[in-house]
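Note sheet for the following structure.
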Amino acid sequence: MKLKGSCHCGAVTFEVESKTPQPFMQCYCTICRKTQGGGGYAINIMGISETFSATGTENVSIYRAPMKQHDPEAHLAGNMRHFCKTCGSHLWAWCPKYPTYIYPMASAIDTPLPVPIERNHIMLESKEPWVLVPPELAQKERRFEHYPDEGIYEWHKKRKLEA
């Protein structure tokens, strides 16, 4: 499935092919929560790096988070989060450890996305008390204190949802 995305102000646009377009995983870690905003979580999708193209890349800034919040001496995350310099929209993430894939934020996608058949709420150990998470059995909501055993690709494949 071809995904098209952009920032809020339109300075950056991008396209990427994805075989895993269901926005099913909501991450509540402090990095996602503080860089994405919104409901206290972030949702990313997996795209194929070799199909990725972007315009307005001169307007993109990259952030690598320290693995310990508020500790400038902590080692940096491998994940490189890309933002629009003008409006601040979080657009995509990329990690050199997994160069085959790029992870656009569902909130930056303009293409209509499929409604996920279930959702995984991950990194709940970092969730803020004000963030409400649906009960585990409600509408196939699954909860994980850390990462689940299956990743984005395995989740789609197991459910025969590859695009």
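The values are calculated or read from the model by the stated rules, or taken from the named source; none is laboratory data. Not measured: the values here are computed from a predicted model. So basically every Cβ, Gly included, is an ideal-geometry build from the backbone, and we count neighbours across all protein chains shown. All accessible areas refer to the heavy atoms of the entire protein, side chains included, with ligands and DNA or RNA removed. Shrake-Rupley method; radii C 1.70, N 1.55, O 1.52, S 1.80 Å.
Brief remarks follow.
- Evaluation of Q26 against (1) without any contact (Cβ under 8 Å) to a residue 40 or more places away in the chain; (2) open to solvent by less than 30 Å² (accessible area, probe 1.4 Å) (one fails), failing number: (1)
- Test result for P135, open to solvent by 30 Å² or more (accessible area, probe 1.4 Å), touching a strand residue (DSSP E or B) at 6+ places or on another chain (Cβ under 9 Å) and touching a residue at least 40 places away in the same chain (Cβ under 8 Å): no
- Residue ID - modelled with the highest pLDDT, chosen from residues in region 32-57 that are among the β-branched types (V, I, T) and surrounded by 14 or more Cβ atoms within 10 Å (Cβ to Cβ): I48
- Conditions (1) touching a residue at least 40 places away in the same chain (Cβ under 8 Å); (2) assigned to a loop (DSSP other than H, G, I, E, B); (3) of a type outside the set (D, E): number failed by A54: (2)
- Matching residues, region 95-106, being out of contact with any Ser or Thr (no Cβ under 7 Å at 6 or more places or on another chain) and either closer than 15 Å to G10 by Cα or open to solvent by 30 Å² or more (accessible area, probe 1.4 Å) (or both): P96, K97, Y98, Y103
- Residue check for I43: at negative phi, in contact (Cβ under 8 Å) with a residue 40 or more places away in the chain and assigned to a helix (DSSP H, G or I): no
- Enumeration of residues in region 58-90 that are in a helix (DSSP H, G or I) and surrounded by 12 or more Cβ atoms within 10 Å (Cβ to Cβ): N59
- Criterion (part of a helix (DSSP H, G or I), open to solvent by 30 Å² or more (accessible area, probe 1.4 Å) and farther than 26 Å from L91 by Cβ) met by exactly one of E154, E125: E125
- Boolean, A11 is in a loop (DSSP other than H, G, I, E, B), closer than 25 Å to L124 by Cα and aliphatic (A, V, I, L, M): no
- Condition check for H82: modelled with pLDDT of 90 or more and either of a type outside the set (S, T, Y) or more than 18 Å from the chain's Cα centre (by Cα) (or both): yes
- Boolean, K85 is of a type in the set (D, E, K, R) and in contact with a Ser or Thr (Cβ under 9 Å, 6 or more places away or on another chain): yes
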